[in-house]
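The values are calculated or read from the model by the stated rules, or taken from the named source; none is laboratory data. Worth saying up front: this structure is predicted, and the values here are computed from it rather than measured. A quick note on method: Cβ atoms are made from the backbone with ideal geometry, for glycine too, and the neighbour counts reach across all protein chains shown. Just the protein is used for accessible areas: all its heavy atoms, side chains included, with ligands, DNA and RNA removed. Shrake-Rupley method; radii C 1.70, N 1.55, O 1.52, S 1.80 Å.
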Amino acid sequence: MNSTLQGWLFDPTVGRLLVSVLGIAIITAVVRTISKSAGRLIDDSDARYRVRKLITFAGYAGAILLVTTVYSDRLSGLTVAFGVAGAGVAFALQEVIASVAGWIALTFSNFYSPGDRVQLGGIKGDVIDIGVLRTTLMEVGDWVNGDLYNGRIVRVANSFVFKAPVFNYSGDFPFLWDEIQLPVKYGADRAEVRALCERITNEVVGEYSKQAATAWLTMLRQFRLEDARVEPMITLIANDNWLEYTIRYVVDYRRRRGTKDELFNKLLDAIDATNGRIALASATFQLVEAPPFRVQLEGDASRRSAP
């Protein structure tokens, strides 16, 4: 009995297994301790997320290196077997492999980063985590009007970066162009309307325009783009019903709905203060004059026709 136990304890295979399990346990404990300490010491959420991810990947790399070192003398004889098995695994797990390749592309490229607002695989939301296989999004929109969270957390396979377009709302240029339309009744002073719109728009989004101008210069140095106007722009078209003013402006991608609300409120207040010189138009119909109607009942017609 003792000789059997002694032989089992001194078996090289068992020794390697125990070393591997003990080493992985130590690496896991160290990774968790360092990760918790980093969470307490780092205040910035973006930096804290990146440090924790780096620590986790370092732990994985350490575990793989440990197992490879422990079993290094036995891996050489398994090359052919690994090659045959690898071909079958690659065919069966091609979607998983594509997701891992997508993660590598995300790590070393500029598709998107945690904190960016993207549309990926038909899902629009903020990136809250990038894993080896999936990207996790906090979804915006859908049944909620505007760019607001709806509460759903969506996980999208990383392989989608190779299969579908990736829309990034906040990557290199964290601003969006937006527009609102203002219908004004005919007869208003067009110069006064334009001046009012320019004043209110500059008051609300003027700071965004300055920031966007700096970001756009960086884009021009990096990409082949035509110069674009980031200052507010007012355009007019005249249709059958009213004068339609379109206000085009640049806004932070996170403040699109709030900025539109502020613009409309201030524009309406300014229009009300003109005492009727400027009035908004609406699709109302006015019956100016109705033609006379002659109504003849069937009984009256029969009596007139009787002799």
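Summary table below
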{"item": "Segment 207-269, accessible area per residue, ligands and nucleic acids excluded (1.4 Å, Å²)", "result": "65 Å²"}
{"item": "Chain lengthening between residue 105 and residue 133 when straightened (0.36 nm per residue, less Cα-Cα)", "result": "8.9 nm"}
{"item": "Anisotropy class of segment 108-168 from Cα gyration tensor, a/c 1.5 cut", "result": "prolate"}
{"item": "Percent RCO, i.e. relative contact order, over segment 157-252, from Cα pairs under 8 Å lying at least 6 residues apart", "result": "43 percent"}
{"item": "Separation between Cα centres of segment 228-249 and segment 171-186, rounded to whole Å", "result": "9 Å"}
{"item": "With every protein chain in place, segment 173-212: carbon and sulfur % of accessible area (1.4 Å)", "result": "48 percent"}
{"item": "Nearby lysines by direct alpha-carbon distance to residue 53 (threshold 25 angstrom, same-chain neighbours under 8 apart not counted)", "result": "36, 124"}
{"item": "Nearby lysines by direct alpha-carbon distance to residue 210 (threshold 20 angstrom, same-chain neighbours under 8 apart not counted)", "result": "260"}
{"item": "Hits among lysines - C-alpha to C-alpha of residue 266 under 19 Å, sequence gap 8 or more where chains match", "result": "185"}
{"item": "Segment 161-241: GluC sites (Glu not before Pro) falling in loop per DSSP and having at most 13 other Cβ within 10 Å", "result": "226"}
